[in-house]
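A.B. asks: Once you've had a glance at the structure underneath, I'll fire off some questions.
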Amino acid sequence: MTTPLILPCVDIQSGRAVRLYEGDPERETVYFDSPLAAARHWVSLGAPMLHLVDLDAATGRGENRAVIAEIVRGVGVPVEVGGGVRDRAAADALLGLGAERVVIGTAAVRSPELVAELIAAHGPERVVVSLDARGLEVATHGWAQGSGVQVAELTPGLAHAGLATLIFTDVTRDGTLRGLDRELMRQVRTLWTDTLIVGGGVAGVDDVRLLAEEGIEGAIVGRAIYEGTLAYPVRF
């Protein structure tokens with residue numbers, strides 16, 4: 001089995017590196033006062049790439065673009081950035097800061113033409129879509145709202161637009177250390193046959209084995225590596 005790519009996540013809220021429980025901005029754990037320090041920590045342990053999320057932008061409560069720019073300039077590895085990227089200007093701005101990839105969430109549901117537009121402008125290697133869901137219903141606006149849209153309704157259009165990499169996050173398990181839902185992972189793997197990265201619920205090495213067994217290319221991991229239930233770098 002090929003070892004899945006494990007991407008450390010740096011979630012930024014109010015200028016600090018935090019982790020939320022089930023995506024609730026009121027239920028945060030602060031791991032580093034400095035997101036740059038968090039990013040450098042994971043790079044020092046061998047992270048080949050980082051996943052950043054601007055939680056304030058995702059929930060419409062502000063933005064942390066200056067912090068993101070500092071990280072992009074200061075870590076020496078590729079960085080992908082998501083959170084509140086709902087139009088072309090926001091995506092272009094993050095890519096202009098030097099982000100390797102921009103992650104589109106809510107806009108992929110509300111304005112699917114944006115995905116095709118960005119891929120045409122920047123190439124499929126620089127655009128990622130994140131479908132964050134409860135079960136297979138996509139959640140939007142920082143996970144606060146159910147969309148009424150099923151993942152299966154979106155994946156054909158994303159493939160047609162030329163998307164190469166999809167992130168799927170199980171909102172009900174994000175930040176909980178409950179472990180991955182194998183059946184849900186199998187369903188999503190069936191729906192998306194190109195590169196699939198999952199988030200939400202990775203708790204330990206058994207979850208990494210599950211990813212390998214199901215042929216899933218990688219995972220975004222936060223709380224498990226911050227709290228040490230999954231040793232980083234990951235070996236199994």
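The values are calculated or read from the model by the stated rules, or taken from the named source; none is laboratory data. Note that the coordinates shown come from a computational prediction; the quantities given were computed from them, not determined experimentally. Cβ atoms come from the backbone with ideal geometry, glycine included; neighbour counts cover every protein chain shown.
A.B. asks: Give the residue that is surrounded by the most Cβ atoms within 10 Å (Cβ to Cβ), with candidates limited to residues of region 163-218 that are hydroxyl-bearing (Ser, Thr, Tyr), over 21 Å from PHE236 (Cβ atoms) and modelled with pLDDT of 95 or more. Don't jump to the end; show me each part of the working.
C.D. replies: Filtering region 163-218 for residues hydroxyl-bearing (Ser, Thr, Tyr) gives 165, 169, 172, 176, 190, 193, 195.
Now restrict to residues that are over 21 Å from PHE236 (Cβ atoms): 165, 169, 172, 176, 190, 193.
Now restrict to residues that are modelled with pLDDT of 95 or more: 165, 190, 193.
Details: THR165: 20, THR190: 11, THR193: 11.
Once the filter is applied, the top-ranked residue is THR165.
A.B. asks: Could you please find all residues in region 50-70 being without any contact (Cβ under 8 Å) to a residue 24 or more places away in the chain and charged (D, E, K, R)?
C.D. replies: Scanning region 50-70 gives a single hit, GLU63.
A.B. asks: Give the residue, chosen from GLY98, GLY148, GLY62, GLY76, that is in contact with an Asp or Glu (Cβ under 6 Å, 6 or more places away or on another chain) and either surrounded by fewer than 19 Cβ atoms within 10 Å (Cβ to Cβ) or part of a helix (DSSP H, G or I) (or both).
C.D. replies: Testing whether each residue is in contact with an Asp or Glu (Cβ under 6 Å, 6 or more places away or on another chain) and either surrounded by fewer than 19 Cβ atoms within 10 Å (Cβ to Cβ) or part of a helix (DSSP H, G or I) (or both) leaves just GLY62.
A.B. asks: I'm trying to understand the selection: among the residues of region 215-236, which are under 19 Å from the mean Cα position of the chain (by Cα) and part of a loop (DSSP other than H, G, I, E, B)?
C.D. replies: Within region 215-236, GLY215, ILE216, GLU217, GLY222, LEU230, TYR232, PRO233, VAL234 meet the criteria.
A.B. asks: Of all residues in region 120-162, how many are touching a Ser or Thr at 6+ places or on another chain (Cβ under 6 Å) and at pLDDT 95 or above?
C.D. replies: Residues meeting the conditions: 1.
A.B. asks: Just checking, does region 164-172 include any residue being among the β-branched types (Val, Ile, Thr), without any contact (Cβ under 8 Å) to a residue 60 or more places away in the chain and in a loop (DSSP other than H, G, I, E, B)?
C.D. replies: no
A.B. asks: Tell me which residues, restricted to region 201-219, are farther than 23 Å from PRO156 by Cα and in contact with an Asp or Glu (Cβ under 9 Å, 6 or more places away or on another chain).
C.D. replies: Selection gives GLY201 alone.
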